[in-house]
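Chemist: Dumping the structure here so I can ask a few things about it.
The values are calculated or read from the model by the stated rules, or taken from the named source; none is laboratory data. No experiment lies behind these values; they were computed from the predicted model shown. Positions of Cβ are generated from backbone atoms using ideal geometry, with glycine treated the same way; all protein chains shown enter the neighbour counts. Heads up: the accessible areas ignore ligands, DNA and RNA and are worked out on the full protein's heavy atoms, side chains in. Shrake-Rupley method; radii C 1.70, N 1.55, O 1.52, S 1.80 Å.
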Amino acid sequence: MEMMKRAIHLDFHTMPGIYDFEETFDARVFARTLADARVKYLNAVAQCNLGFCYFPTNVGVRYPGLKTDLFGSIVKECSKVGIKVVAYVSTGLNHEQSRLHPEWCNMNEDGQIIYGDRTINFFRNVCYNTGYTDHILAIFKELLDNYELDGLFLDSTVPRACYCARCTEKMLDAGIDIRDPAAVERFGYESVRRFREKVLELLPEGKRLKMNGFGQEYCTHGEIECLPTGGWGYEFFAPICSKVRNIHRDVIYMTGRFQRSWGDFGGLRTTASLENDFYDALLNNAQISVGDHMHPRGGLEPAVYAQVKNLFTQMEAYEPWTDAARYQPEVGVICDFGVNPTFYGVGRMLSELKYNFDIVSPAMDISRFKAVILPDMLTVSEELAAKLSDYLAAGGQIIATGMSGLNREKTGFAMKEWDFVDFHGLDPKATAYYQPKDAGDGLPVRSMYEKGILITAKEDAEVSAVYVEPYFDRHWDGQHGYYYTPPAKATGYAACVRRGAVQLIAFPVFAAYNHYAAAFHKQLIREALERAIPEKLIDASQLPSTARVSLTGTDNYKLLHIKVTYPEVRGEACAIEEHNVLPGGRTVRVRGEFRQVRLLPSQEPLPFRIENGYTAFELPDIIGYQMFCLE
């Protein structure tokens, strides 16, 4: 399957009542505009989330003002200019069929099929255990039978708990306790998985399938939706991508031109803002897709596609090197949970510290990593314990934080390698401190900010920070509210302790960093990683914490990516109006002895030197981003 790259995700959700629908649409001009902007792939709407079809369907509901086969003309003209088309079908959201067939709707625990804000998208959803499944499969079959497509993009396929009569009956027949919310959610997940199996029966071999909202492992490629200015934020993409690239070779960052969110017709981000997402894709070895929304009158906005052309022309210039490259991780983060404060904290902290990292599931291979992090809340099964023991025996390093390393019951540590500490339970205090043995800034204690665990170290362990208790925890005694809780004294508990290749930090430092961004928390992880990896992959210590650095490449060359642009908080939003500039003269070092260093894409050679197993060179002025090739 050809790599998906330089893509456009074109929304076309159209309300009824557009009096001049399709009036200025010309499929040839449309396709030529995309081709001129260097577009290779298009997600084009065949059926929108209103439930209207933009082709002459015999199954669904045609848009009331549709005069032509709009979708078919897009496929035909795009094919002529070498653009592959994936059919977008809003699947989990279909308001027209939900209106016509309320019995096909998802029902919440209170018996409602309509709930929440009715002026946004998700105020009613479909149920896959109803006649809706046969209906939507027939839509897919129409499209696959009648058009030359590269695949299907099925939107809003988010698993949901459903208490409709069909789901309730099926759950009761299967012995599922419908009073258990987790069990009902699992049934909803299995319902979407079974639906996917029916989709695969229709999908010809070699065609793409993206189920947006369902697990990336159920798709043919990784496609990560993230509008950083539209609610996702700038911390979402990097850690998500660090998971998805371990599932798929082909990963694409679907951002958007919108300032606010999808459907923001009048919102156009600055060129620098959109370029920042393109740079983030390069840093993470991903391709790029730009989201847009075509006006129902028809035609593409010239200002948008001037930006897209600029972006994709840059991307195309790098492709001779990036197409074959792979991300080069040195740190593995084992994660069995979804997006939460710990997840964001890991991504932010490791990016600021400039470590190449992958987030992997407990079932994935970890032997390739120099060090492995068990972050905050990863309890350890027997299978994972065996894998971690083998990893340590082969020379690996482990850093565990918070409750990570405990058995599933949280009654003790799961592995014999943790026998240098004794576990005394979860910390009941909301307020606690730690005191480093070597406090460089002279501050005697630092706040944990999050509840951790209580451990004591044995004689063969090295304690680098001790647990300090407050005079009293936060509480109300009937007369006083105890908000001011100063540290009282050190206890016998350890806050940071290590022996050999295992290091423990006794509180959830990543979640705390996500909430409070305390530099002293990052320092704990910096020191732990420096002990675990004395010679890190990239030494970029002269660069600011706001810079992002990564290494991708092949056996023959490495690509060093340096991004210095970063968002600024403006009011209630984050914005990028222009690129940040890093003046030249700072030195970076990459582990390995290379024969030459070149600027890309110009291929201008740079002076360099070999020192202690590293290739070192001075950076030129960097405006926004720069890629370097080391061969």
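Chemist: Using the Karplus equation 6.51 cos²θ - 1.76 cosθ + 1.60 (θ = phi - 60°), what ³J(HN,Hα) coupling, rounded to whole Hz, does each residue of segment 92-98 give in order, writing x for Gly and Pro?
Modeler: Each residue's phi maps through the Karplus curve to give x, 10, 8, 5, 5, 5, 5 Hz.
Chemist: Here is a further query. Using +1 at the Cβ of each Lys and Arg and -1 at the Cβ of each Asp and Glu in segment 21-155, identify which of VAL61, VAL39, THR130 lies farthest towards the dipole's positive end.
Modeler: The Cα lying farthest towards the positive end belongs to VAL39.
Chemist: Next question, about the same structure. Segment 312-334 to segment 162-236: how many Å between their Cα centroids?
Modeler: Distance between centres, Cα-based: 29 Å.
Chemist: Rank these residues by their accessible area, most exposed first, probe 1.4 Å: TRP104, TRP262, TRP418, TRP476.
Modeler: The ordering from most to least exposed comes out as TRP476, TRP262, TRP104, TRP418.
Chemist: Computed from the coordinates I sent, Kirkwood radius over Cα pairs in Å equals one of [x] 29.1; [y] 26.9; [z] 25.7. Tell me the label.
Modeler: [y]
Chemist: What FRET efficiency comes out for ASN556 versus ASP117 if R0 is 51 angstrom and r is the Cβ-Cβ distance? Round to the nearest 0.05.
Modeler: With a Förster radius of 51 Å, E is 0.40.
Chemist: What number, in percent, do you get for the relative contact order of segment 231-305 if the mean sequence gap of Cα pairs under 8 Å and at least 6 apart is divided by its residue count?
Modeler: 35
Chemist: Still on this structure: Grab the beta carbon distance between ARG260 and ARG194, set R0 = 25 Å, and tell me the FRET efficiency rounded to 0.05.
Modeler: 0.10
Chemist: Show the residues, 5+ positions off or on another chain, whose built amide H is closer than 5 Å to the amide H of SER464.
Modeler: For SER464, whose amide H was placed from the backbone, the distant partners under 5 Å are CYS496, VAL497, ARG498.
Chemist: Still on this structure, I have one more. Tell me the relative contact order for segment 231-378 as a rounded percent, counting alpha carbon contacts under 8 Å between residues six or more apart.
Modeler: Over segment 231-378, the number comes to 26 percent.
Chemist: Additional query: Can you run phi through the Karplus equation (6.51, -1.76, 1.60; θ = phi - 60°) for segment 84-89 and list ³J(HN,Hα) in whole Hz, with x for Gly and Pro?
Modeler: 7, 10, 9, 7, 7, 10
Chemist: Follow-up question, since we're still on this one. Taking θ as phi - 60°, what are the ³J(HN,Hα) couplings along segment 274-281 by the Karplus curve (6.51, -1.76, 1.60), each to the nearest whole Hz, with x for Gly and Pro?
Modeler: 5, 4, 4, 5, 4, 5, 4, 4
Chemist: If the limit is 20 Å between Cα atoms, which of LYS387/LYS458; LYS410/LYS437; LYS451/LYS489; LYS207/LYS309; LYS354/LYS451 go over it?
Modeler: Beyond 20 Å between Cα atoms: LYS387/LYS458; LYS410/LYS437; LYS207/LYS309; LYS354/LYS451.
Chemist: Amide H to amide H, which residues 5 or more places from HIS293 or on other chains are under 5 Å from it, using H placed in the peptide plane?
Modeler: Distant-sequence amide H within range of HIS293: ASP11.
Chemist: So, taking all protein chains as they sit and a 1.4 Å probe, how much accessible area belongs to MET3, in Å² rounded to tens?
Modeler: Result for MET3: roughly 50 Å² accessible.
Chemist: Quick one: order VAL290, VAL59 from most to least accessible surface, probe 1.4 Å.
Modeler: Heavy-atom accessible area, descending, gives VAL59, VAL290.
Chemist: Right, next: Would you check the accessible area of GLU568, probe 1.4 Å, heavy atoms only, in square angstrom rounded to 10?
Modeler: Around 90 Å² of this residue is reachable by solvent.
Chemist: Specify which residue in the list ALA518, HIS480, ALA490 is farthest towards the positive end of the charge dipole of the chain, using unit charges on the beta carbon of Lys, Arg (+1) and Asp, Glu (-1), about the Cα centre.
Modeler: Selected residue: ALA518.
Chemist: While we're looking at this one, here's another question. Starting from the 7 Å offset along Cα-to-Cβ, what nm value, one decimal, do you get for the label separation of SER389 and LYS141?
Modeler: Result for the modelled spin labels: 5.4 nm.
Chemist: Could you sort GLU330, GLU618, GLU382 by accessible area so the largest value comes first, with the probe set to 1.4 Å?
Modeler: Per-residue accessible area, sorted high to low, gives GLU382, GLU618, GLU330.
Chemist: Taking the Cα centre of the chain as origin, work out the dipole magnitude from +1 charges on Lys and Arg Cβ and -1 charges on Asp and Glu Cβ, in debye rounded to 20.
Modeler: Once rounded to the nearest 20, the dipole reads 540 debye.
Chemist: Before I look further, what does segment 190-241 give for accessible area per residue, probe 1.4 Å, in whole square angstrom?
Modeler: I get 37 Å² per residue for segment 190-241.
Chemist: A further question on this structure: Give me the dipole magnitude in Debye, nearest 20, for segment 273-392 about the Cα centre, with unit charges on the beta carbon: positive for Lys and Arg, negative for Asp and Glu.
Modeler: It works out to roughly 160 debye.
Chemist: Let me ask another. Over segment 262-410, with the other protein chains present, what is the accessible area per residue in square angstrom, probe 1.4 angstrom?
Modeler: About 32 Å² of surface per residue is accessible.
Chemist: Which residues in segment 272-294 place their backbone N less than 17 Å from a point set 7 Å from the Cα of ILE623 along the Cα-to-Cβ direction?
Modeler: In segment 272-294, the label zone of ILE623 (backbone N under 17 Å from the point 7 Å along Cα→Cβ) covers 272-276, 279.
Chemist: Now for a separate question. Which residues does the label zone of THR271 cover in segment 566-598, counting backbone N under 12 Å from a point 7 Å along Cα→Cβ?
Modeler: 578-579
Chemist: Another question, then. Please report the relative contact order for the chain, taking Cα pairs under 8 Å with a sequence separation of at least 6, and give it as a percent rounded to a whole number.
Modeler: Reported relative contact order: 11 percent.
Chemist: Assuming R0 = 45 Å, can you tell me the calculated FRET efficiency for the pair GLN479 and ASP438, based on Cβ-Cβ distance, to the nearest 0.05?
Modeler: Step by step, r from the Cβ atoms, then E = 0.65.
Chemist: Per residue, what accessible area does segment 17-155 have, given a 1.4 Å probe and all protein chains present, in Å²?
Modeler: 42
Chemist: Counting only protein heavy atoms and using a 1.4 Å probe, what share of the accessible area of the chain belongs to carbon plus sulfur, as a whole percent?
Modeler: 49
Chemist: Projected onto the charge dipole of the chain (+1 at Lys/Arg Cβ, -1 at Asp/Glu Cβ, origin at the Cα centre), which of TYR234, PHE195, ALA414 gives the Cα projection farthest towards the positive end?
Modeler: The one lying farthest along the dipole's positive direction is TYR234.
Chemist: Cα to Cα, under 20 Å, and not fewer than 8 places away if on the same chain: which aspartates and glutamates meet these conditions relative to LYS170?
Modeler: GLU103, GLU109, ASP110, ASP134, ASP180, GLU185, GLU190, GLU197
Chemist: Shifting gears a bit: Under a Cβ-Cβ cut-off of 14 Å, what is the net charge of the residues other than PHE258 that fall near it, where Lys and Arg count +1 and Asp and Glu count -1?
Modeler: Result for the neighbourhood of PHE258: -3.
Chemist: Ignoring ligands and nucleic acids, what accessible area does ASP390 show with a 1.4 Å probe (Å², nearest 10)?
Modeler: Spelled out: ASP390, probe radius 1.4 Å, area about 110 Å².
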